[in-house]
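**Q** Supplied in C-alpha cells, the structure appears directly below.
The values are calculated or read from the model by the stated rules, or taken from the named source; none is laboratory data. Quantities reported herein were computed from a predicted structural model and do not represent experimental measurements. A quick note on method: Cβ atoms are made from the backbone with ideal geometry, for glycine too, and the neighbour counts reach across all protein chains shown.
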Amino acid sequence: MRIIAGTHRGRRIVAPRGRDTRPTSDRVRENAFNLIGPVDGADVLDLFAGSGALGLEALSRGAESAVFVESDREACRTINTNLDTLQLRATVLCADVIRTVANERRRYDLVLCDPPYDFDHARLAPYLARLLSEDGLLVYESSGREPAPVVPDLAERTSRKYGAARLTLFEQP
C-alpha cells in the first residue's frame, strides 16, 4: 500500500497483520479523493481506521488534523507506525468506535467511515450527522454487494461501486 497523492505521494504504508482488517485499496482511495475534492485545512475523523490509510491520505493532501479511531490494538500500533514513518502528527484513539462517536462533541470537515462489511450499520448511523461541520462530508465505505447505507439527517451526494467496495458520500441537506 502507498500514499496516492500529496506531500507523501508514493510513500509506502503498512497494514495490520491478519484478516481482522480490510485495508482500503489504492484504487478505491484514489477514487474516494477524486470524489471528495480538495481537503486543504480540513479536520478529519477516520472511523474503523485499520491501517489509517484513508486519514493518512487526507493528511498527505493537506488536511490540518486527523483523529483515528480503531478498537484493535495491533491496528492502532500500525497507525502509529505509519504516522512515525511519514513524520505526521495526529491523534490515535484505541477505543470502541460506537462509544467514541456517541460521546464526541467536536465537528469535522471530513468523516471517513470504513466499518467491517458485516458491521450493523444501524448502531452507528444515528451518530454520524452530528459529527459533520456545516459544509462537512461523510465518506462511507461498504460492501459493493449491498445497497448504499442510509444515514438519518444527511443527504446522499453520490454512491459508486468499485469492485467489492461501495463508496457513498453524504452531506448536510
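**Q** Scan the stretch 68-87 for residues that are in contact (Cβ under 8 Å) with a residue 40 or more places away in the chain and in contact with a helix residue (DSSP H, G or I) (Cβ under 8 Å, 6 or more places away or on another chain) and jot them down.
**A** Correct list: ASN82, LEU86.
**Q** Let me ask something else about it. Among the polar types (S, T, N, Q) and under 25 Å from ARG130 (Cβ atoms): is that true of SER51 in this structure?
**A** no
**Q** Do we have any residue at all in the stretch 93-102 that's within 23 Å of GLY144 (Cβ to Cβ) and touching a Ser or Thr at 6+ places or on another chain (Cβ under 7 Å)?
**A** yes
**Q** With the requirement that a residue be out of contact with any Asp or Glu (no Cβ under 8 Å at 6 or more places or on another chain) and under 24 Å from PRO116 (Cβ atoms), what does the stretch 47-69 give you?
**A** Result: SER51, ALA53, LEU56, GLU57, LEU59.
**Q** Assess whether VAL101 counts as being in a strand (DSSP E or B) and either touching a residue at least 40 places away in the same chain (Cβ under 8 Å) or surrounded by 14 or more Cβ atoms within 10 Å (Cβ to Cβ) (or both).
**A** No, not satisfied.
**Q** Quick check on my filter: what residues within the stretch 145-160 are loosely packed, with under 15 Cβ neighbours inside 10 Å and in contact with a strand residue (DSSP E or B) (Cβ under 9 Å, 6 or more places away or on another chain)?
**A** ARG145, GLU146, PRO147, VAL150, ALA155, ARG157, THR158
**Q** Say we look at the stretch 112-141 and pick out the residues that are of a type in the set (Ser, Thr, Tyr) and surrounded by fewer than 21 Cβ atoms within 10 Å (Cβ to Cβ); which of these is modelled with the lowest pLDDT?
**A** The extreme case among them is TYR117.
**Q** Determine, yes or no, whether ARG106 is among the basic types (Lys, Arg), modelled with pLDDT of 95 or more and in a loop (DSSP other than H, G, I, E, B).
**A** Against the criterion (among the basic types (Lys, Arg), modelled with pLDDT of 95 or more and in a loop (DSSP other than H, G, I, E, B)), ARG106 qualifies.
**Q** I would also like to ask the following. Tell me, which residue of the stretch 130-162 that is acidic (Asp, Glu) and part of a strand (DSSP E or B) is nearest to ASP46 (Cα to Cα)?
**A** Within the stretch 130-162, the match that is nearest to ASP46 (Cα to Cα) is GLU141.
**Q** At negative phi, out of contact with any His (no Cβ under 6 Å at 6 or more places or on another chain), loosely packed, with under 13 Cβ neighbours inside 10 Å and outside any strand (DSSP E or B): is that true of PRO173 in this structure?
**A** The answer is yes for PRO173.
**Q** If you check TYR127 against the conditions, is it in contact (Cβ under 8 Å) with a residue 12 or more places away in the chain, hydroxyl-bearing (Ser, Thr, Tyr) and in a loop (DSSP other than H, G, I, E, B)?
**A** It is false that TYR127 is in contact (Cβ under 8 Å) with a residue 12 or more places away in the chain, hydroxyl-bearing (Ser, Thr, Tyr) and in a loop (DSSP other than H, G, I, E, B).
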